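Q: Let me begin by handing over the structure; questions about it come next.
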Amino acid sequence: MDVTLVLQGLLSGLLFGGVYSLMAVGLTLIFGVMRVVNFAHGDMMVWGMYLSYLLATRAGIDPYLSFVVSAAALFALGLLVQRGLVDRVIDAPHEMQILLMLGVALVLENLALVAFGPEPTRVRSPLGAATLWLGPVFVDLARLVTFVVAVLLTVALSLFLYRTDLGRTIRAAADNTYGALVIGIDVRRVYAVAFGVGAACVGAAGALVSSILPFQPPTGLSLSVTSFNIVIIGGMGSLLGAFIGGLLVSVAESLGAVFLKPSLKELVSFSLLIVILLFRPAGLFGKRTS
Amino acid sequence: MRWAVVAALAVLLALPAVLSSYAVTIFILIFFYGFLGQAWNIVGGYAGQLSAGHAAFVGVGGYTAAMLSIEAGLTPWVGMFVGAALAALLGAIIGYLGFRFGLRGFYFVLLTVAFAEICRIAVSNIDAIGGALGLYITFTGDPRQFQFRDGRVYYYIALALMLAATATAWAIERQRFGIYLAAIREDEAAAEALGVNALKYKMLAMVVSTFLTGLGGTFYAFYLFSLQPNTLFGIPLSVEIIIRPIVGGAGTLLGPILGSFILTPLAELSRLYLGQGGLHGAHLIAYGVLLIGVVLFLPEGAYPRLRRVLQRSRLAPFSGHRGSDERSHAAPVAGHPRSEPGDERSHPAPVSGHLRSEPGSRPPPQKTLLVVRGLSKRFGGLQAVAGLDLAVEHGEMLGLIGPNGAGKTTVFNLLSGFLTPDAGDVSFRDRSLVGLPPHAICRLGLARTFQLVRPFPRMSVLENVRVGALARHPHALEARARARDVVERVGLGAREHVTAGTLTLAERKRLELGRALATEPTLLLLDEVMAGLNPTEIEPIIRLIRGIHASGVSILLIEHNMRAVMALSHRIVVLSFGEKIAEGTPADIANHPKVVEAYLGDEYVRAAPA
Amino acid sequence: MTKHRLTRRTFLKATAAGATVAGFPLPLRAQPKTFKIGVIHPVTGALAEPGQACRLGAQMAADAINAAGGIKSKGGIKLQLIVGDTQTKPENGRVEAERVVNRGTRMLMGSFDSGSTNAMASLAQQRRVPLLIDIAAADPITANVAKSVKDGQQKVQYVYRNFPTGSSFGRKAVQYFNEIFKEANASPKRVVLMYCNDLFGQNQARGFQAAHKAANPSWEIVEAIPWPEPPSDLSTEVSKAKAAKPDVIAPITRPASALLLFPEIRKQRIELMGIVGPGSPGLYEAGQLAALKEDLEYVLTSVPWANFKNPKTNAVAEEYRKRSGGKTFDTNSGYSYDGMFVIADILERAVSLEDPDAIVDAMKTTNFSGGLMQYAGPVVFNELGDNPNAISTMIQILSQKPVAVWPKEAALQKLVFPRPKA
Amino acid sequence: MSALLRLDGLEAGYGDLTAVSGVSLEVRRGEAVALIGANGAGKTTTLRAISGLLPVRAGRIEFEGARLDGLASARIVARGITHVPEGRQLFPTMTVRDNLELGGRAADRRHRDDALELVFTLFPRLHERERQLAGTLSGGEQQMCAIGRGLMARPRLLLLDEPSLGLAPVTVKLIFDTLQRVNGDGMTMLLVEQNVPRALQLSHRGYVLENGRIVLEGTRESLRASPHVKQAYLGL
């Protein structure tokens, strides 16, 4: 086996992991707080991508700036979905929550189809084909930047959750709803904010990777599946888990492509998922819930 | 009801004569998805295990039958069963992994999705079975090849499949299997405590469900003549399979069919109305909004709502039937209602019940029934039970007391198999219980109740108790008769058709007791059956427990109501911080300084001379 | 005729009262002056883009035919399209076909993806409604039917295709590769085939590899690298291709994967004589060119292409651009456009429009040369029901515009190979 | 002394179960009042109704002369009542300090620091474990943390539900000594407790609940002397 190829695969996979990590952060946040599995996750992300695409093509705003707009728009959407829909079925059977979010996903996907048409697109990266060569292997600068952003976002979210009062309130409500009620936390409001923040992360992530991942309206499904994969492997509700899980899945797929027929590379990540589910269902960094 | 079913069937059988072929096609899809939904319902609805990868079983079934037909010339009439068997095998593997490793809810959803995706990717990469290109079956119109020129034949086959799956579900629902599945879905731990081998029944449900789903694969293949991994193993098909039963009402017999009758035509209608114009996608937006609407306005699904509406409108004509319920409702709760003359019963109620009807089989009384030695359990930093020794003699009523947090309930969990001890041994009728699952322990004759009562809330009182009775009487009708006796005995006869979720606390306590009693135990562990009851409720319960004991059941009880414990127990064991601090007759215990201290504090001992 | 407004009642009529419809076609209406054709494509879902292009192409053709006086030999009867959406699901291929047939269509056209098309084909055979496949490349769709007719399991073949099949695509691509290399006086040795592992990509790749094996040319396929479609990342795949030290990378992409593949090839600085693909639909779209810009320069790919030497093509392409909001008149819109004209030609020649077998007879004897696509000859149907003259064209992106460069008779510009060093 | 809290004919319950009915009691400023009774007597229900965690079905609750019933729990906390619930209900994956600060999050930073200092003075053990996750504390430490969290909001009334539950006698003594100190400093308390002697030692007055009704009320001394109390617990 070609050593350069393995090294390059490892490096590319690791850096691309930043994209995966960004994808998973919002999902894990929403699940961690509300125990709601957001099946519309990928479709929300696609909306974040389209918003940054619009801003890039119509107003010439770089995705590395416009992600703020995507985040704000998705925050509003998240708030709306939580207050208007999820909140009403929080006690309904599991399958009803799934059905609800599937409905939301279907609406979002096809609204995108109506609004933006079916063709796949991608925001032209301001970094273009910029690469940094280290001997025989290269670093893709756009990915490097995304990786750094993923680290920054994870750190920023951690600071928000661990260092601010609102963040701590969110964690408290996630940790023990009754305990939160007892000390006078307005849990419904906290849930709405948390869903909003989670959705905002999804929007920001969409914008930030819109120059790396091509997208079209049906892309949402595969984004959702990949994100679930990452979040389960990393541990539902854990930010660090989402970050490390993203790197892990990306490296696994990249090495899968090196050693197997690349069209089989997703077998590696799904097998990893199954192993984790069976032997460590709480994920690598998840907390055991009794 | 029966006539409604017959009439509906007659209409469905006659319809193709007057329908256009397009309408026939729509009905075929309604039946086909009703069939797949019903198949899914057995594991996803009745057993409550949400599989979101059912497309994989359609794929395995369809590919197998198609390959056997294309490569080996085997008629799909046979191939469909081979395919279904393979689908069931895959279902068994996935089910075993999921259930054995305790994956529930969303985790099971993802496990099934992951397996389906693995199948999809694998099939896409195997050229020998068509790869991503898929398989193309030639239309020949040869009935031996499962092909028909007349679309109405497919109509009848799809209808037959749907009816067969529904009949299967109906048969399951009425038998022990289905009752157990419902119990597992409602509360798996409580079901285990009543002798239900949850793993076994969930596996069975998975196998039956995936076998049927596999049959559907053959129909798909030979109706559409085209098999591609992305359509047959993909997530979208899995979603199609699950949304109909969920919309119709998961875990109900007619829910999947109703769901299909609602959603399939609506999908067609919305495409017809909204799919023609320039706004591509508008019809799917409408469909999504519809799904959201169902969740918000029919949160349990359409069928349960429909049933309630029908029942309400039927109330008047059928009041004769319901009236008897309401009459007996008025009977004193703790009395012995329902002994009106002329009230026929297949089994006359054993009044001073000897529920264990085979006294001859009772083990010789000289041996100790339950022996516990050195039992220990630690949770993290907390030593919940420390080296406990305990014995229950045949025919004994032993009280287990101690302050809150002393470890009493942990002891019960260790004895009944819900927890595995870190050390020590439990021997019941000379057999070690360590390592046995709760259902096996229950079947050996050791039954328990839960401190926080865990009725199956959506089942009636009688159905709740029947779950217990099925442990000894596998026949559903016989178990029902037995359950009725027990229900009478615990004083809920007037309430037997009431949904357990709506009972008062006192009634739920009785129900909890009745359910455990229905498993016909040799030893009954009662965990605070009187907590939260008022004195007028407690007295009859004490009488009831005495009666159970008199019928030959040994009892170990945890109780906070000291008056009751003192009155009932032959001996009492006192636990504090996981250790036995005293043991003796009620009189010994009441004056044991350590006990008074444990309960009331050392100051009390000093302040109040005994 | 006024636009058919769909109400619940008409839906019910369409379904429950189907028997009436079958017995007395369209009661209460004047004898129709239209011939209804069911046109079914995936206009939503993953293949919505090409599906929508097909629908528009077919509609434009029908408009043109009607504007020119309809089917003249049949008293100027107008074509009326009844459209359907498969969502890329075979079951909808069947349901939609049933629906449009029920509404009185006497011919079918469709349906882009091979799975739905095969479901339609079986229905066409079952209901005896002639089907012209405008696009769908899987060989078995027509071959299976032809075989069952030959074996006597069926009497008549109702399924015909005016589109290259997977295997003919492959043969043509290998032929073009040889001719281009020869024309350019270059002799690349090592070719790496990279393809999306979906139905389309695998079909093309298999055809290409089989044809390569059969032709045994001087160049070698040193590695075949498939990726899952849609991919999220292709960097390792491209690194793998690079490690194989190729002279030529031969990609088979979909529009989504093209957006990843071509920048990646440039980024990894692979020393290549060029990128020459056996088929990448959509590569030439304005949107793709805008998103990929220089990454596409000099890329050659073999796709079914319109004959822009024909002035009529340019006019239609211009109209298409207007009606589609700026899209290229391409494989999809073009073959659906031509398909409708082939149908019109068949209807002109058919002895009767009432009898499906009469339509089939006219289909079999088709010899139509009015198509706008690049053909190797007139549209004819061979014993399998395929058009052997449906071929692809080698196009190249030159100065950010897709231009036909091979075969010579189609070439508008001279091809550039090997590509100039950057 | 005026009544800080007054309950008048309170009725509350779960589903179709009425857990307490016709409960009337009052707590005066600076007092510690015990609510005692057997399991299921309705003590916890009463506390939950006061702090807005359970809807009040009938009757009224007044705090500092204003109606409380019908308010959301967040509003009630803001009015100056905190609830130290049964089972502690800490945030197990958060640090002790986080737990405490969440209790005092309504106050500004400086007041919060003062409150924190006060809690750490009362429970030096919590100071030592400041950075430890609450879920890893021992039972006694958890109880201290729960009480500390309640005090962080600087309430005018502290509701305590079974602070001695499952704790070793030494720890119980420590906690009750601390509570006594807090009460001595002027904190009004309403205490639900099974450990009757402890409860009576701390409280000035007490109410005995049985089956959702108050059956006895009186001063510490009168309750201690009452045979009813011992009977309720030991069944003697």
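The values are calculated or read from the model by the stated rules, or taken from the named source; none is laboratory data. Quick caveat: nothing in here was measured; it's all calculated off a predicted structure. Methodologically, a virtual Cβ is constructed for each residue, glycine included, from the backbone with ideal geometry; neighbour enumeration extends over all protein chains shown. Accessible surface areas use protein heavy atoms only, side chains included; no ligands, DNA or RNA. Shrake-Rupley method; radii C 1.70, N 1.55, O 1.52, S 1.80 Å.
Q: Could you identify the single residue in C:V129, C:V83, C:V39, C:V101 that is part of a helix (DSSP H, G or I), β-branched (V, I, T), open to solvent by less than 30 Å² (accessible area, probe 1.4 Å) and away from chain A (no Cβ under 14 Å)?
A: C:V101
Q: List, please: which pairs have Cβ atoms under 8 Å, are six or more places apart or on different chains, and start with a residue in segment A:172-183 that is more than 7 Å from chain D (Cβ to nearest Cβ) and end with one that is among the aromatic types (F, W, Y)?
A: That search, which allows pairs on different chains as well, returns A:A173/A:Y191; A:A180/D:F91.
Q: Can you list residue pairs whose Cβ atoms sit under 6 Å apart, with the first residue in segment C:282-295 being more than 8 Å from chain A (Cβ to nearest Cβ) and touching a residue at least 40 places away in the same chain (Cβ under 8 Å) and the second being part of a loop (DSSP other than H, G, I, E, B) and open to solvent by less than 10 Å² (accessible area, probe 1.4 Å)? Count only pairs 6 or more apart in sequence or on different chains.
A: Going by the 6 Å Cβ cut-off, there are no qualifying pairs.
Q: Assuming A:F138 fulfils every condition listed in (1) at pLDDT below 90; (2) buried (at least 17 other Cβ atoms within 10 Å of the Cβ) apart from one, which condition is it?
A: Failing condition for A:F138: (1).
Q: Just checking, which of C:T44, C:T34 is open to solvent by less than 10 Å² (accessible area, probe 1.4 Å) and among the hydroxyl-bearing types (S, T, Y)? Lay out the reasoning, then the answer.
A: Values: C:T34 fails: open to solvent by less than 10 Å² (accessible area, probe 1.4 Å).
From the options C:T44, C:T34, the qualifying one is C:T44.
Q: Let me ask something additional. When you go through (1) within 14 Å of another protein chain (Cβ to nearest Cβ); (2) over 19 Å from the mean Cα position of the chain (by Cα); (3) open to solvent by 10 Å² or more (accessible area, probe 1.4 Å) one by one for C:S148, which number turns out not to apply?
A: (3)
Q: Taking segment A:252-284 as the region of interest, how many residues are in a helix (DSSP H, G or I), within 22 Å of the chain's Cα centre (by Cα) and away from chain C (no Cβ under 14 Å)?
A: Residues flagged as in a helix (DSSP H, G or I), within 22 Å of the chain's Cα centre (by Cα) and away from chain C (no Cβ under 14 Å) within segment A:252-284 amount to 7.
Q: Where residues in segment B:221-242 are open to solvent by 10 Å² or more (accessible area, probe 1.4 Å) and more than 8 Å from every other protein chain (Cβ to nearest Cβ), which of them is nearest to C:E229 (Cα to Cα)?
A: Going through the qualifying residues, I end up with B:L237.
Q: When you scan segment D:180-196, how many residues do you find that are buried (at least 23 other Cβ atoms within 10 Å of the Cβ) and not in a strand (DSSP E or B)?
A: 3
Q: I would also like to ask the following. Find the residue count for segment C:208-227, including only residues that are of a type in the set (V, I, T) and either open to solvent by 60 Å² or more (accessible area, probe 1.4 Å) or touching a helix residue (DSSP H, G or I) at 6+ places or on another chain (Cβ under 7 Å) (or both).
A: Looking only at that region, the number is 2.
Q: Take segment C:63-80 and flag every residue that is open to solvent by 30 Å² or more (accessible area, probe 1.4 Å) and part of a strand (DSSP E or B).
A: C:K78, C:Q80
Q: Which numbered condition trips up C:R171, out of (1) within 19 Å of the chain's Cα centre (by Cα); (2) more than 10 Å from chain B (Cβ to nearest Cβ); (3) touching a residue at least 60 places away in the same chain (Cβ under 8 Å)?
A: Unmet for C:R171, out of (1) within 19 Å of the chain's Cα centre (by Cα); (2) more than 10 Å from chain B (Cβ to nearest Cβ); (3) touching a residue at least 60 places away in the same chain (Cβ under 8 Å): (3).
Q: Now for a separate question. Looking at this structure, is B:G53 assigned to a helix (DSSP H, G or I) and either of a type in the set (A, V, I, L, M) or under 23 Å from B:L227 (Cβ atoms) (or both)?
A: On the way: assigned to a helix (DSSP H, G or I): no; either of a type in the set (A, V, I, L, M) or under 23 Å from B:L227 (Cβ atoms) (or both): yes.
In short, no.
Q: Does segment C:161-178 hold any residues that are surrounded by fewer than 24 Cβ atoms within 10 Å (Cβ to Cβ) and among the polar types (S, T, N, Q), and which are they?
A: Those that are surrounded by fewer than 24 Cβ atoms within 10 Å (Cβ to Cβ) and among the polar types (S, T, N, Q): C:S167, C:S168, C:Q175, C:N178.
Rundown of residues vs (1) more than 11 Å from chain A (Cβ to nearest Cβ); (2) open to solvent by 10 Å² or more (accessible area, probe 1.4 Å); (3) free of Cβ contacts under 8 Å to residues at least 60 places away in the same chain, yes/no style:
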position	(1), (2), (3)
D:Y14	yes, yes, yes
D:V23	yes, no, no
D:A38	yes, yes, no
D:G59	yes, yes, yes
D:T93	no, yes, yes
D:V96	yes, no, yes
D:L102	no, no, yes
D:R105	no, yes, yes
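Q: Inspect all residues belonging to segment D:118-135 and state whether any of them is within 11 Å of chain A (Cβ to nearest Cβ), within 18 Å of A:R171 (Cβ to Cβ) and surrounded by fewer than 20 Cβ atoms within 10 Å (Cβ to Cβ).
A: So the first thing to find is which residues in segment D:118-135 are within 11 Å of chain A (Cβ to nearest Cβ), and the list is D:133-135.
Narrowing the set further to residues that are within 18 Å of A:R171 (Cβ to Cβ) leaves D:133-135.
Subset that is surrounded by fewer than 20 Cβ atoms within 10 Å (Cβ to Cβ): D:133, D:135.
So far as segment D:118-135 goes, yes, one or more of its residues are within 11 Å of chain A (Cβ to nearest Cβ), within 18 Å of A:R171 (Cβ to Cβ) and surrounded by fewer than 20 Cβ atoms within 10 Å (Cβ to Cβ).
Q: Keeping to segment C:104-116, report how many residues are surrounded by 24 or more Cβ atoms within 10 Å (Cβ to Cβ) and either of a type in the set (V, I, T) or at the interface with chain B (Cβ under 7 Å from one of its Cβ atoms) (or both).
A: Initial filter on segment C:104-116 (surrounded by 24 or more Cβ atoms within 10 Å (Cβ to Cβ)): C:107-116.
From the residues that got through so far, the ones that are either of a type in the set (V, I, T) or at the interface with chain B (Cβ under 7 Å from one of its Cβ atoms) (or both) too are C:115.
Looking only at that region, the number is 1.
Q: Output yes when any residue across segment B:510-526 is within 17 Å of B:G407 (Cα to Cα) and crowded, with 23+ Cβ neighbours inside 10 Å, and no when none is. Give the derivation first.
A: So the first thing to find is which residues in segment B:510-526 are within 17 Å of B:G407 (Cα to Cα), and the list is B:525-526.
Filter once more, so that each one left must be crowded, with 23+ Cβ neighbours inside 10 Å: B:525-526.
For segment B:510-526, residues within 17 Å of B:G407 (Cα to Cα) and crowded, with 23+ Cβ neighbours inside 10 Å: present.
Q: Among the residues of segment A:1-22, write down those that are of a type in the set (A, V, I, L, M), open to solvent by less than 10 Å² (accessible area, probe 1.4 Å) and more than 10 Å from chain C (Cβ to nearest Cβ).
A: Within segment A:1-22, the subset of a type in the set (A, V, I, L, M) is A:1, A:3, A:5-7, A:10-11, A:14-15, A:19, A:22.
So of that shortlist, the ones also open to solvent by less than 10 Å² (accessible area, probe 1.4 Å) come out as A:19, A:22.
Of everything in segment A:1-22, just one residue is of a type in the set (A, V, I, L, M), open to solvent by less than 10 Å² (accessible area, probe 1.4 Å) and more than 10 Å from chain C (Cβ to nearest Cβ), namely A:L22.
Q: Could you tell me which residue of segment B:276-309 is surrounded by the fewest Cβ atoms within 10 Å (Cβ to Cβ), considering only residues that are in contact (Cβ under 8 Å) with a residue 40 or more places away in the chain and small (G, A, S)?
A: Going through the qualifying residues, I end up with B:A302.
Q: Considering (1) touching a Leu at 6+ places or on another chain (Cβ under 9 Å); (2) at pLDDT 95 or above, say which one C:F417 fails and leave the rest.
A: In the conditions (1) touching a Leu at 6+ places or on another chain (Cβ under 9 Å); (2) at pLDDT 95 or above, C:F417 misses (2) alone.
Q: Among the residues of segment C:152-160, are any among the basic types (K, R), surrounded by fewer than 21 Cβ atoms within 10 Å (Cβ to Cβ), closer than 20 Å to B:Q147 by Cα and at pLDDT below 95? Show your work before the answer.
A: So in segment C:152-160, the residues among the basic types (K, R) come out as C:155.
This time we only want the ones that are surrounded by fewer than 21 Cβ atoms within 10 Å (Cβ to Cβ), so: C:155.
So of that shortlist, the ones also closer than 20 Å to B:Q147 by Cα come out as C:155.
Narrowing further to those that are at pLDDT below 95: C:155.
Checked segment C:152-160: at least one residue is among the basic types (K, R), surrounded by fewer than 21 Cβ atoms within 10 Å (Cβ to Cβ), closer than 20 Å to B:Q147 by Cα and at pLDDT below 95.
Q: Another question, if that's okay. Listed residues C:Q52, C:Q59, C:Q126; which is closer than 30 Å to A:E109 by Cβ and modelled with pLDDT under 95? Walk me through it before giving the result.
A: Numbers: C:Q59 fails: modelled with pLDDT under 95; C:Q126 fails: closer than 30 Å to A:E109 by Cβ.
Just one listed residue meets the conditions, C:Q52.
Q: If a residue counts only when it is of a type in the set (G, A, S), which helices (runs of 4 or more DSSP H) contained entirely in segment D:90-136 have at least 1 such residues?
A: On the way: elements: D:96-103, D:109-122, D:124-128.
The qualifying helices (runs of 4 or more DSSP H) are D:96-103, D:109-122.
Q: Looking only at residues in segment A:51-93 that are buried (at least 18 other Cβ atoms within 10 Å of the Cβ) and free of Cβ contacts under 8 Å to residues at least 12 places away in the same chain, which one is nearest to the chain's Cα centre (by Cα)?
A: If we take residues in segment A:51-93 being buried (at least 18 other Cβ atoms within 10 Å of the Cβ) and free of Cβ contacts under 8 Å to residues at least 12 places away in the same chain, then A:V89 is nearest to the chain's Cα centre (by Cα).
Q: Inspect all residues belonging to segment B:581-599 and state whether any of them is at pLDDT 85 or above, surrounded by fewer than 17 Cβ atoms within 10 Å (Cβ to Cβ) and in a loop (DSSP other than H, G, I, E, B).
A: Within segment B:581-599 (the criterion being at pLDDT 85 or above, surrounded by fewer than 17 Cβ atoms within 10 Å (Cβ to Cβ) and in a loop (DSSP other than H, G, I, E, B)), the answer is yes, since at least one residue qualifies.
Q: Given the criterion in contact with a helix residue (DSSP H, G or I) (Cβ under 9 Å, 6 or more places away or on another chain) and either in a helix (DSSP H, G or I) or at pLDDT 95 or above (or both), identify the matching residue among B:G48, B:G62.
A: Values: B:G48 fails: either in a helix (DSSP H, G or I) or at pLDDT 95 or above (or both).
The unique qualifying residue is B:G62.
Q: Working only within segment A:102-127, note down all residues that are more than 22 Å from the chain's Cα centre (by Cα), facing another protein chain (nearest Cβ under 8 Å) and open to solvent by 30 Å² or more (accessible area, probe 1.4 Å).
A: Result: A:V114, A:E119.
Q: Restricting to segment B:128-151, what's the tally of residues that are within 8 Å of chain C (Cβ to nearest Cβ) and outside any loop (DSSP other than H, G, I, E, B)?
A: Within segment B:128-151, residues that are within 8 Å of chain C (Cβ to nearest Cβ) and outside any loop (DSSP other than H, G, I, E, B) number 5.
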